[in-house]
Amino acid sequence: MKLKMMYSFLNSDINLIEKKLEETIQSDSYFLKRASLHTLQAGGKRIRPVFVLLAGKFGQYDINVMKNVAVGLELIHMASLVHDDVIDDADLRRGQPTVKAKWDNKTAMYTGDFIFALSLELMSEMNKPLAHKILANTIFEVAVGEIQQIKDKYRFDQNLRDYLRRIKRKTALLISASCQLGAIAADVEESIHNKLYLFGYYVGMAFQITDDILDFTATEEELGKPAGSDLLQGNITAPALYAMENDRIREEIVKVHEAMEPAQIHKIITLIKESGAIERSISLSDRYLDKALTVLEDLPANKAKKTLRDIAKFIGRRKY
């Protein structure tokens, strides 16, 4: 089953969110409007808005309230991607030119800032101090994660704990915040929104580990960028860390640099695949997914709970 089919009962609300996203990024500035629209039209799984809506189904669900939270969190995610592409000097995302490639770095940075500001404006409409405290802490941790990723580029002596701490900040916390803030917006009781936070955290970790596996196993067409891009950019992920336990493979991986020829990176990808590192990374992702599914067992039974379970399982076996 495709991911979108799992939450098809939310289609009318998802459509409202897409419309709200497009309305929100309008600007009097021609370049900001075009660059923001370009980012939006590149697409995406919209997994964060989906988690917001599903979490809201455990409480007093009002789409007029939920859509602002859903759009706000998706905008934060979009802004972080625009900034990421500048830091990584990435020309492609989801098969389309990045904002920095289509325009330039300055346009990309201000576009990211603009989108980020719009998200905060939307979120300010929710009169819940706890939600704003959670959001502020999440943004702080995401920023720390981004800085840490810059510091860790081409640092081949890092360990698995460094990697897990980094992806927690870069990816998992925004997904966990989507679950928790969606629940808080729907006035869900504390014990339930805390469990939804944990579910989002564990799913977010599995989601990013799976992304990092796909960087080595998926095709360029599926990824929307060349295979091995993360490693070429100096981002050392779980498969590379596991593979480097083999001294012979480590000698090859530490030679990686941005200007490396495609044939050379292909050789390293092959070595990583043959080392058992992919299987070990899948096992790591599965452990987080199991934790997510265990947390779900304690939540009230409803359609949203079943959908969250289906999405978690999909994340573990997705191929793109």
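Miscellaneous remarks
- The residue list Leu214, Leu196, Leu174, Leu232 contains one member that is among the aliphatic types (A, V, I, L, M) and either open to solvent by 20 Å² or more (accessible area, probe 1.4 Å) or in contact with a strand residue (DSSP E or B) (Cβ under 6 Å, 6 or more places away or on another chain) (or both), which is Leu232.
- Taken over the range 177-193, the criterion of being more than 14 Å from Arg48 (Cα to Cα), among the aliphatic types (A, V, I, L, M) and either part of a helix (DSSP H, G or I) or open to solvent by less than 10 Å² (accessible area, probe 1.4 Å) (or both) is satisfied by Ile184, Ala185, Ala186, Ile192.
- Only residues that are open to solvent by 60 Å² or more (accessible area, probe 1.4 Å) and in contact (Cβ under 8 Å) with a residue 40 or more places away in the chain were counted across the range 104-123, and they come to 3.
- Meets criteria (more than 30 Å from Ser191 (Cβ to Cβ), open to solvent by 20 Å² or more (accessible area, probe 1.4 Å) and at pLDDT 95 or above) for Arg250: yes
- Taking first residues from the range 33-44 that are in contact (Cβ under 8 Å) with a residue 40 or more places away in the chain and partners that are open to solvent by 40 Å² or more (accessible area, probe 1.4 Å) and of a type in the set (Lys, Arg), the Cβ contacts under 8 Å between residues at least 6 apart in sequence or on separate chains come to Ala35/Lys102; His38/Lys102; Ala42/Arg93; Ala42/Arg94; Gly43/Arg94; Gly44/Arg94.
- Cβ-Cβ contacts under 6 Å between residues 6 or more apart (or on different chains), taken from a first residue in the range 48-65 that is touching a residue at least 24 places away in the same chain (Cβ under 8 Å) and under 16 Å from Leu299 (Cα atoms) to a second residue that is open to solvent by 20 Å² or more (accessible area, probe 1.4 Å) and outside any helix (DSSP H, G or I), are listed as Gly59/Asp187; Gln60/Asp187.
- Residue that is modelled with the highest pLDDT, among those in the range 27-57 that are among the aromatic types (Phe, Trp, Tyr) and surrounded by fewer than 24 Cβ atoms within 10 Å (Cβ to Cβ): Phe31
- Residue in the range 277-284 that is at pLDDT 95 or above and either in contact with a Lys or Arg (Cβ under 9 Å, 6 or more places away or on another chain) or more than 17 Å from Thr237 (Cα to Cα) (or both) present: no
- Selection of the range 125-137 for residues being open to solvent by less than 80 Å² (accessible area, probe 1.4 Å) and either within 18 Å of Met66 (Cβ to Cβ) or over 20 Å from the mean Cα position of the chain (by Cα) (or both) yields Met126, Lys128, Ala131, His132, Ile134, Leu135.
- Scan of the range 1-26 for residues that are in a loop (DSSP other than H, G, I, E, B), closer than 20 Å to Ile76 by Cα and either at pLDDT 85 or above or open to solvent by 30 Å² or more (accessible area, probe 1.4 Å) (or both), ordered by number: Gln26
Results for (1) touching a residue at least 12 places away in the same chain (Cβ under 8 Å); (2) surrounded by fewer than 18 Cβ atoms within 10 Å (Cβ to Cβ); (3) closer than 15 Å to Leu214 by Cα; (4) not β-branched (Val, Ile, Thr), shown as yes or no for each residue.
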site	(1), (2), (3), (4)
His257	yes, yes, no, yes
Ile272	yes, no, yes, no
Ser283	no, yes, yes, yes
Asp290	no, yes, no, yes
Thr294	no, yes, no, no
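- Subset of the range 88-103 (residues that are within 17 Å of Ile115 (Cα to Cα) and open to solvent by 30 Å² or more (accessible area, probe 1.4 Å)): Trp103
- Enumeration of residues in the range 67-83 that are free of Cβ contacts under 8 Å to residues at least 60 places away in the same chain, within 12 Å of the chain's Cα centre (by Cα) and open to solvent by 10 Å² or more (accessible area, probe 1.4 Å): Leu81
- Filtered by the rule that a residue be under 18 Å from Asp84 (Cα atoms) and among the aliphatic types (A, V, I, L, M), the range 140-168 gives Val142, Ala143, Val144, Ile147, Ile150, Ile167.
- Failed item, numbered, when Met126 is tested on (1) more than 30 Å from Ala218 (Cβ to Cβ); (2) in a helix (DSSP H, G or I): (2)
- For Glu141, the stated conditions do not hold, so it cannot be described as on the phi < 0 side of the Ramachandran plot and open to solvent by 60 Å² or more (accessible area, probe 1.4 Å).
The values are calculated or read from the model by the stated rules, or taken from the named source; none is laboratory data. Since the model is a prediction, treat every value here as computed from it, not as a measurement. Please note: Cβ atoms are built from the backbone with ideal geometry, for glycine as well, and neighbour counts cover all protein chains shown. Keep in mind that these areas ignore ligands, DNA and RNA; they rest on the heavy atoms of the full protein, side chains included. Shrake-Rupley method; radii C 1.70, N 1.55, O 1.52, S 1.80 Å.
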